[in-house]
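To keep things clear, I will list the structure first and then write my remarks on it.
The values are calculated or read from the model by the stated rules, or taken from the named source; none is laboratory data. What you see is a predicted model, and the numbers here were worked out from it, not measured in a lab. Heads up, the Cβs are rebuilt from the backbone with ideal geometry, glycines too, and the neighbour counts pull from every protein chain shown. The accessibility values were calculated without ligands, DNA or RNA, using every heavy atom of the protein model including side chains. Shrake-Rupley method; radii C 1.70, N 1.55, O 1.52, S 1.80 Å.
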Amino acid sequence: MKARACLVEAFKEPLRIKEITIPELEPGQVLVKIKAAGVCGSDLHIWRGEDPRIKLPLILGHEGVGEVAAVKGKKLTVEGKEVKEGDSILWNRGLSCGHCYYCAVLKEPSFCPHRIVQGINITCNEPPYLNGCYADFLILPAGIDVFHLPSGIDPAVLVAASCSGATAAHGFDLARPEPGEAVAVVGPGPLGLFAVAFARAYGASQVILSGGSQVRLEMGRTFGATATLNRHEQQPGERIAAVMDLTRGRGADLAVEAVGSAAALEEAIALVRPGGTVLSVGFGQPGGSFAFDGYQHLARRNIRLQGVWVSDTRHVYRAMAMILAHPQLFSRMITHRFPLEQVNEALEVMARKEAIKAVLIP
Ligand code: ZN
Ligand code: ZN
């Protein structure tokens, strides 16, 4: 039996569909029929060769939801239920070693130097070969954490749980805003929309969303933003003044950078109050730099600067739970759906920022 998969063989060249023989499963592995694969903003950076982790040839795609086609031996979900053929599942896309300093001592598996992420740092020449979600089948290595999904849920709505949703959940897990606080979010893409939803879930009294796309800003309102700032209509100084106005002259208690650019990080730093927290969730790859003034930016205002690198099973679970609690809301994020044959168009609508989230349906 063969699987069809979309391969990056050379950076910036169109992806090609190739047939790959499905190998015999090893104990603990799960063969998944992909029902939906998310096109992440990071996939564009990977395709352009901007992510230093990448080796080629690569089956792109690290956000997947699927149905179990086969299991070798016994495999349990995080809730201790046996994984069986026909089950709808989601999984933590990263597999860490469990035994290094970061995994075992710090309990921060995102830093594991041996961490494997399908669709990112394992080629299709390495076992189990079906190592990316832009395909009709994927093989989950033994040891990957798996969650059962309820029946009747649109798989496309859940793809973002494994990446932007989980990264936002990780960020809020570290920043932990207090109920009643004012949160500013810079960037209204999927990460920013999750940040808005998490801010509300943590009890924010205000969520001020800043960005350049009116359509995305309006969507932000449906996710719980109480005010929006359009950077094409308001200059940086006007946006800062607007946030000060809304926060009694103090600034946001928590400012979230959800773009992955130096300008967005600089804006988040400008929007936070003295003693507040700047949470940067946007950088999945290098995104430029700015002249950082330790006195002005950091010390004088006693701010806390919190970065976030990827996510762990705990965060994927939180993001999944958030989506399952509001499936109608999160379905609005899925603006485009394409078959595998139109993978290059799916990347283009993301590149042109026409889509909030494009999804491949094999
Ligand atoms: Zn991603
Ligand atoms: Zn490790």
Ile144 being part of a loop (DSSP other than H, G, I, E, B), away from ligand 1 (no atom under 16 Å from the Cβ) and in the same structural domain as Met333 (by TED's automatic domain parsing): yes
Among (1) among the aliphatic types (A, V, I, L, M); (2) in contact with a Leu (Cβ under 8 Å, 6 or more places away or on another chain); (3) touching a residue at least 40 places away in the same chain (Cβ under 8 Å), the one test that Leu191 misses: (2)
Residue check, Gln285 part of a loop (DSSP other than H, G, I, E, B) and of a type outside the set (A, V, I, L, M): yes
Selection from the stretch 88-108 of residues that are under 15 Å from Gln29 (Cα atoms) and among the charged types (D, E, K, R): Arg93
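Conditions (1) open to solvent by 10 Å² or more (accessible area, probe 1.4 Å); (2) within 16 Å of ligand 2 (Cβ to nearest atom); (3) touching a residue at least 12 places away in the same chain (Cβ under 8 Å); (4) not basic (Lys, Arg), marked per residue:
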{"site": "Glu26", "(1), (2), (3), (4)": "yes, no, yes, yes"}
{"site": "Ala36", "(1), (2), (3), (4)": "no, no, yes, yes"}
{"site": "Gly41", "(1), (2), (3), (4)": "yes, no, yes, yes"}
{"site": "Gly61", "(1), (2), (3), (4)": "no, no, yes, yes"}
{"site": "Lys72", "(1), (2), (3), (4)": "yes, no, yes, no"}
{"site": "Lys81", "(1), (2), (3), (4)": "yes, no, yes, no"}
{"site": "Glu85", "(1), (2), (3), (4)": "yes, no, yes, yes"}
{"site": "Leu90", "(1), (2), (3), (4)": "no, no, yes, yes"}
Verdict on Gly237 being at positive phi and either more than 16 Å from ligand 1 (Cβ to nearest atom) or not in a helix (DSSP H, G or I) (or both): no
Residue selected from the stretch 76-131 under the condition under 25 Å from Leu7 (Cα atoms) and of a type in the set (Lys, Arg), by the criterion farthest from ligand 1 (Cβ to nearest atom): Arg115
Some residue of the stretch 280-293 being surrounded by fewer than 17 Cβ atoms within 10 Å (Cβ to Cβ), among the aliphatic types (A, V, I, L, M) and without any contact (Cβ under 8 Å) to a residue 12 or more places away in the chain: yes
